[in-house]
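Accompanying notes for the structure given below.
The values are calculated or read from the model by the stated rules, or taken from the named source; none is laboratory data. Since this is a predicted model, take the numbers as computed values, not measurements. Heads up, the Cβs are rebuilt from the backbone with ideal geometry, glycines too, and the neighbour counts pull from every protein chain shown. Ligands, DNA and RNA are stripped out before the accessible areas are found, and what is left, the full protein with its side chains, is counted by its heavy atoms. Shrake-Rupley method; radii C 1.70, N 1.55, O 1.52, S 1.80 Å.
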Amino acid sequence: MAQSEITQADSQSPLMAWAMRGGIGWVLSILPLSLTLYFASLLPTITSGTVLRVSYTWIPSLGVDFAFIVDGLSLTFVLLVLGIGTLVVLYAGGYMAGDRQIGRFYLYLFLFMGAMVGLVLADNLITLFVFWELTSISSYLLIGYKHAYYSSRSSALQALLITGAGGLALLAGLVLLGIAAETQTISELGSRHELIVNSGLYAPILILVLIGAFTKSAQFPFQFWLPGAMAAPTPVSAYLHSATMVKAGVFLLARLNPALGDTPAWQITLTVFGAITMALGAYLAVSQTDLKRILAFTTVSSLGTLVMLIGIGGEHGIVAMMVFLIVHSLYKGCLFMVAGNIDHETGSRDVSILSGLRREMPITFGAAALAALSMAGLPPLLGFVGKELIYESTLDARFAAAAVTTVAVASNILMIVAAGMVAVRPFLPTGTTRHSTPRHPHEPPISMWLGPAVLATLSAVFGLFVVQVMQPIVTQGAAAILGEAVEVKLKLLPTSITGYFLLSVLTIALGIVSYLYARPALMQAGKATRGALEDGFVNGFTDLVNNTQAFARWITRALQSGYLRRYVLITIGAVVSVASAALLTRADLSAIRLFDTPLFLWETATILVILAGVALVLRARSRLTAIAGLGTVGFGITLIFFFFGAPDLVMTQFSVETLSVLLFILILYRLPIFTTISHRYSRLRDGIVAGLAGLLMTMITLLTIAGEELKPLTPFYAEASYVEARGRNVVNVILVDFRGIDTMGEITVLGIASLGIYLLLTLRLAPADGQAEAEDSTGKEQL
Amino acid sequence: MNLVVFLPLFVPFFTGIIGLLLWGKPQAQRVVSLLGGIGLTLVGANLLLTVIQQGIQVTYIGDWVAPFGITLVADLLSAIMVFVAGMMTLSTVIYAIVTLDAPRERNGFHVLLHFMLFGVIGAFLTGDIFNLFVWYEVMLISSFVLLVMGGERAQLEGGIKYVTLNLIASALFLSAVGILYGVVGTLNMAHLAILVPQVEQQGLITTLAILFLFAFGIKSALFPVFFWLPASYHTPPIAVTVIFSALLTKVGIYSLIRVFTLIFTTDTAFTHTVLLIIAALTMILGVLGAVAQFEMRRLLSFHIISQIGYLLMGLALFTPLSLAATVFFLVHVIFAKSALFLVGGIIHHMTGTYDLKKLGGFYRVSPVLSVLFFIPAMSLAGIPPLSGFWAKYALVRAGLENNQPWIVAAALGVSILTMFSMTKIWAEAFLKEADDGKLRENVPALQSIPAALRLPMLAPIIVLAVLMVVMGVAAEPFFALSLQTAEQLLSRTEYVQAVLGVQL
């Protein structure tokens, strides 16, 4: 058993021990059972044609209501979700017995169930989406439940990424749908079909919604995540495949059919992708040997069938879809639990070594046999009704009826083979000697056979009493999907020989023949094409993920290179390029007047001195020269302040310059030897960027002085300084009174700076263990 | 003097001063720091409530009326930011008291923290663009000292990059303010709002807007000027990283929102298109950086950048809904990011490493820590019904209503990569066991932390996680307030009226 490492029980209370032995399943199943009964009690109301709605305001500022609707479609789904959920909860109690993390398991399972119920009942696009995402997250937690295993974690992540990405597309699609329809209430969308289709947003809405639905319901080309999701414990697989998660996409298509359906784009896309998925799933199923994998691919095929039927549409298509939905949920839930029982009891899921279990596991065998008959579409099981309806609708399809029917027949033949492989082969004795299995099998406890038995029995009962049980709810479900009332007549056996009845007979005959004689060939073919059709998609996805990561590493290394000089270059370069773009495209540069005012001799001289200082810095071969050059620039600027009548600035600038030169000289001899490490070209490049930055600022300044000068504050300061603030020097008054808090802030800066210097000099800690060891002295920030 | 506005500025300053006076008395400093954090939260709450009930609050420093003196203005955006800053300060103080090493705590961590907050709150409250520069300087110098205190080699290297690139921002900011003053002749932001549209040379104003965009953009860690953040945020102790991640870049984005709603709205066709492009690139390159990391703090640091892109997207789209989304997102991301860093800090506290390759097993050993990581991680990835979802939804909706499908595509694509890198931490540090499916040995449980430390370490995260759930499940009051904030920002009349007493 996979969880064995996590199951070593230590001393526990008797109650805990009982719970861990499986008792918990019985108790917990009361919750979904009572909810199932509650919703079942609504059946008479709903089948009489009533639709129940309830709505609470949730986030009115975003137009989101917490709105729910119970109609034929949502009630069917809710009953499947909760009914099968009840059996899964019970089943899991037995299957997971002894698991120490059983509490978490049930937490996730109930979260999943709740999300699914919310999803199918939602009557607001955003409410629906909230639950949609919750199913993705809870299934992530469930698929990755055996978290110690890498394969389990990666399957969970794969499912999450694919359904998550689809979810994001869906979000955009639903928002657009809300915009186009001018409402977020789902039940109002049908009446705005014309508005939506003609809005110009229809194409993007359709594409985005379909991506969402196809990823969730594992349609081609996203089908590959579903077999991977088998990493989940079997009760989860049973639930995920039969009634929940993957049916969410189908549900969404059905729900939105009144809003988006009835266009060629909708019909063709759904029919084509559905048919491809149906055929591909069935083809891949029969070449597997792992029980769960066979079942997983048949789920893919069935989901394809459902999508195709919605695409075919019309009364026939939709009724067939409703019936087949129930057919599939019942038999698939049953068969997964059967697979779980076999695995649990024998320790193997390999159909090539399992045989003759009929004797040891009679109840499980009985359930499996019934479910497989339904899957194969034999009367009097419900599956037969489903298959008849499918053929009726494919023959009736509005385009490519012959092709679609052929694909459907072929797929169904393969499904019969698969049904035999799952339900006949492991149980009946094979001619050869019996392989020994890791464990000696016997019938599992009641909690584990009750579920499959109930579901198998329902397949039979629903088939036998198809008119009484199925017809009312299918009628209402079809009405909800079609957006108009319909009259549905279901029957178990045809009253006359029709084309689709003949097709059924043909399918069954060919199916049995294929099971008996063509299996080796099918297995061979499947193996030959496995690389492309099975692994190809998974590998493609893995490559996509890996390439994204490689790209991320590459671009991050390129940008976050670790070199400060490169950061500075990019920063200045970015400012210069965007600001220049603004200046060149938005500003009127002709306003600049260069030689308006005459240039005095001393001004010219000062400018030349500053330029000489700059040249000196650039050509400097020692630090002392560089500092002298910088000092020259600084004192030159002091002179400019002097010429333009700012004596206080002269004083300040003079002190600052003197101090900086002195400080520089003081630390000069503590520094390493001056060397030129940069390359000629990089210096040239830096020079160009710096020059452009200077040019930009010059242009901006010239433009500024070219415009008219607004001085709204000056008169006030001149006036109020002496009269109100009692100061003769306006500048001083501004600094300490009008704008005193600026000065206070700057003094704080100085205070903190001195504190910082003190700390830098005194506080030297060794790097804490494992902390920040990554950067080395070459300036490389390692990734 | 309107004390309601003044007190949030005064409290951290006063706390810092008292802390200085208590130098060498770490216990007393702790008490003062804690009281300062509580005090700031309370006066912040008071400010927010007052602004909600009575509208924009204004105070003239030294009673020099606008536009002549310096005005403190608290509109909804400012008040929200001040309140959140108070909460984050309190969380950081509590967390630092239990986790920070003794030398750093003894040598003025608390003092510097509150001085930094002095700058942060000043930036949120000032109504004067030069005064904003001063607050930026207060913030820069105190954050620099916080970043390098301890003098570890990596800290110093990160610190040099931090301070160099931020000084470029300062120089840019100062030049831009100088030129703006030269053109318009005023520094009061409300006054600028009136005068800037009257300037003849609108092209010059647009160019200045770009200079401001980069001055604040460097602070906000936008593409392509974010380098200082990933170069430095992983080097200081986690308590410092938490408060940095919560507030520093957010002051930058706050300033961008302020000037690009109040002052530079005359050429949105150019400026806000630039903003939109930068938003897309910031979110994409930020998240790619995160995808490339395998060290928790570095990974989370890159996510800060990515999320800033979302915040900018709301501003760039420039509609009530998109701005409301930005406001909501701002608060959400502060909570989510802080909680994630705090969880990372606890893991580091127990194991001594942030390296995902060396971690594992916490999912089995510590359900509490798992939940406390999972909630903010999923919230950051935008999973409903957590706070991040509504932020994302509102942005997507605003983008699509505004007919900007590409930015929406970028936002959604980044969202899946965010999910990817969050699940990376989840899978590696929490789910993963030993390679062969065997259980890891010696995974420390939370119980290994002494009980007296455990609760104060967990309490801030618990509060933040609960807030993220509440903001998601009961989003209405939060989003309604965000919408109100957005409308106040976009209409501008209330702001100008409150400051200058005239109509716009």
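Exactly one of (1) on the phi < 0 side of the Ramachandran plot; (2) within 13 Å of chain A (Cβ to nearest Cβ); (3) in contact with a Phe, Trp or Tyr (Cβ under 8 Å, 6 or more places away or on another chain) is unmet by residue B:360. Its number?
(1)
Among helices (runs of 4 or more DSSP H) lying entirely in segment B:33-147, which contain 3 or more residues that are touching a helix residue (DSSP H, G or I) at 6+ places or on another chain (Cβ under 9 Å) and more than 21 Å from residue A:752 (Cβ to Cβ)?
Result: B:76-99.
Quick test for you: out of A:509, A:558, A:574, A:532, pick the one residue that is over 30 Å from residue A:188 (Cβ atoms), away from every other protein chain (no Cβ under 14 Å) and modelled with pLDDT of 90 or more.
A:509
Name the single residue that is most open to solvent (accessible area, probe 1.4 Å) among those in segment B:56-68 being of a type in the set (A, V, I, L, M) and more than 7 Å from every other protein chain (Cβ to nearest Cβ).
Among them, the one singled out is B:65.
Could you please find all residues in segment B:259-274 being touching a residue at least 60 places away in the same chain (Cβ under 8 Å), part of a helix (DSSP H, G or I) and away from chain A (no Cβ under 11 Å)?
Across segment B:259-274, the qualifying residues are B:259, B:261, B:262.
Within segment A:700-728, track down each residue that is free of Cβ contacts under 8 Å to residues at least 24 places away in the same chain and part of a loop (DSSP other than H, G, I, E, B).
Matches in segment A:700-728: A:708, A:709, A:710, A:711, A:712, A:713, A:724, A:725, A:726, A:727, A:728.
So that you can scan it fast, the table gives a plain yes or no per residue for (1) assigned to a helix (DSSP H, G or I); (2) aromatic (Phe, Trp, Tyr); (3) touching a helix residue (DSSP H, G or I) at 6+ places or on another chain (Cβ under 7 Å):
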{"position": "A:335", "(1), (2), (3)": "yes, no, yes"}
{"position": "A:339", "(1), (2), (3)": "yes, no, yes"}
{"position": "A:344", "(1), (2), (3)": "yes, no, yes"}
{"position": "A:354", "(1), (2), (3)": "no, no, yes"}
{"position": "A:359", "(1), (2), (3)": "no, no, no"}
{"position": "A:364", "(1), (2), (3)": "yes, no, yes"}
{"position": "A:369", "(1), (2), (3)": "yes, no, yes"}
{"position": "A:385", "(1), (2), (3)": "yes, no, yes"}
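Only residues that are assigned to a helix (DSSP H, G or I) and facing another protein chain (nearest Cβ under 10 Å): list them for segment B:172-193, please.
B:172, B:175, B:176, B:178, B:179, B:180, B:181, B:182, B:183, B:184, B:191 - these are the residues of segment B:172-193 that are assigned to a helix (DSSP H, G or I) and facing another protein chain (nearest Cβ under 10 Å).
Okay, residues lined up against (1) of a type in the set (S, T, N, Q); (2) modelled with pLDDT of 95 or more; (3) open to solvent by less than 10 Å² (accessible area, probe 1.4 Å):
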| site | (1), (2), (3) |
| --- | --- |
| A:159 | no, no, yes |
| A:169 | no, yes, no |
| A:175 | no, yes, yes |
| A:184 | yes, no, no |
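Every residue in segment B:200-239 that is open to solvent by 10 Å² or more (accessible area, probe 1.4 Å), more than 7 Å from every other protein chain (Cβ to nearest Cβ) and not in a helix (DSSP H, G or I), please.
Hits for segment B:200-239 are B:223, B:237.
Considering each of A:615, A:605 in turn, give the residue that is over 28 Å from residue A:707 (Cα atoms), free of Cβ contacts under 8 Å to residues at least 40 places away in the same chain and loosely packed, with under 14 Cβ neighbours inside 10 Å.
Answer to the check: A:615.
Here is a list: A:165, A:231, A:203, A:243. Which entry is open to solvent by 20 Å² or more (accessible area, probe 1.4 Å) and at pLDDT below 90?
Exactly one residue qualifies, and that residue is A:231.
Among the residues of segment B:142-165 satisfying the criterion of being under 18 Å from residue A:750 (Cα atoms), open to solvent by 10 Å² or more (accessible area, probe 1.4 Å) and of a type outside the set (S, T, N, Q), which is nearest to the other protein chains (Cβ to nearest Cβ)?
B:144
Condition (residue is within 14 Å of another protein chain (Cβ to nearest Cβ), open to solvent by 10 Å² or more (accessible area, probe 1.4 Å) and not polar (S, T, N, Q)) applied to segment B:84-95: is it met by at least one residue?
no
Would you be able to tell me the number of residues in segment A:723-743 that are among the hydroxyl-bearing types (Ser, Thr, Tyr) and modelled with pLDDT under 85?
Number of matching residues: 0.
Which residues, counting only those in segment A:717-734, are out of contact with any helix residue (DSSP H, G or I) (no Cβ under 7 Å at 6 or more places or on another chain) and open to solvent by 90 Å² or more (accessible area, probe 1.4 Å)?
Passing the criteria: A:719, A:722, A:723, A:724, A:726.
All but one of (1) open to solvent by less than 10 Å² (accessible area, probe 1.4 Å); (2) more than 7 Å from every other protein chain (Cβ to nearest Cβ) hold for residue B:433; which doesn't?
That leaves (2) as the condition not met.
Right, residue A:65: open to solvent by 10 Å² or more (accessible area, probe 1.4 Å), of a type outside the set (Phe, Trp, Tyr), outside the structural domain of residue A:448 (by TED's automatic domain parsing) and at pLDDT below 95 or not?
Taking the combined requirement at face value, the residue satisfies it.
Which pairs turn up if I take residues in segment B:379-401 that are within 13 Å of residue B:415 (Cβ to Cβ) and facing chain A (nearest Cβ under 7 Å) and look for partners that are assigned to a helix (DSSP H, G or I) and small (Gly, Ala, Ser) with beta carbon separation below 7 Å, at least 6 apart in sequence or on another chain?
B:384/B:472; B:396/A:172; B:396/B:411
Considering only segment B:69-82, state which residues are away from chain A (no Cβ under 14 Å), crowded, with 24+ Cβ neighbours inside 10 Å and among the hydrophobic types (A, V, I, L, M, F, W, C).
Listed by number, the residues that qualify are B:74, B:77, B:79, B:80, B:81, B:82.
One line per residue, one yes/no per condition, for (1) facing chain B (nearest Cβ under 8 Å); (2) more than 17 Å from residue A:35 (Cα to Cα); (3) open to solvent by 10 Å² or more (accessible area, probe 1.4 Å); (4) in contact (Cβ under 8 Å) with a residue 60 or more places away in the chain:
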site	(1), (2), (3), (4)
A:61	yes, yes, yes, no
A:80	no, no, yes, yes
A:120	no, no, no, yes
A:143	no, yes, no, yes
A:146	no, yes, yes, yes
A:152	no, yes, no, yes
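Output the residues belonging to segment B:102-123 that are out of contact with any strand residue (DSSP E or B) (no Cβ under 8 Å at 6 or more places or on another chain) and either surrounded by fewer than 24 Cβ atoms within 10 Å (Cβ to Cβ) or more than 9 Å from chain A (Cβ to nearest Cβ) (or both).
B:102, B:105, B:106, B:107, B:109, B:110, B:113, B:114, B:117, B:120, B:121, B:123
Can you tell me which of (1) part of a helix (DSSP H, G or I); (2) more than 7 Å from every other protein chain (Cβ to nearest Cβ); (3) more than 56 Å from the chain's Cα centre (by Cα) is the one residue A:737 doesn't meet?
Looking at each condition in turn, residue A:737 falls short on (2).
Can you find a residue in segment B:277-287 that is open to solvent by 10 Å² or more (accessible area, probe 1.4 Å), away from chain A (no Cβ under 11 Å) and within 30 Å of residue B:75 (Cβ to Cβ)?
Yes, that holds for at least one residue.
Show me the helices (runs of 4 or more DSSP H) found entirely inside segment A:392-492 where at least 1 residues are within 18 Å of residue A:380 (Cα to Cα) and open to solvent by less than 20 Å² (accessible area, probe 1.4 Å).
A:401-423, A:446-464
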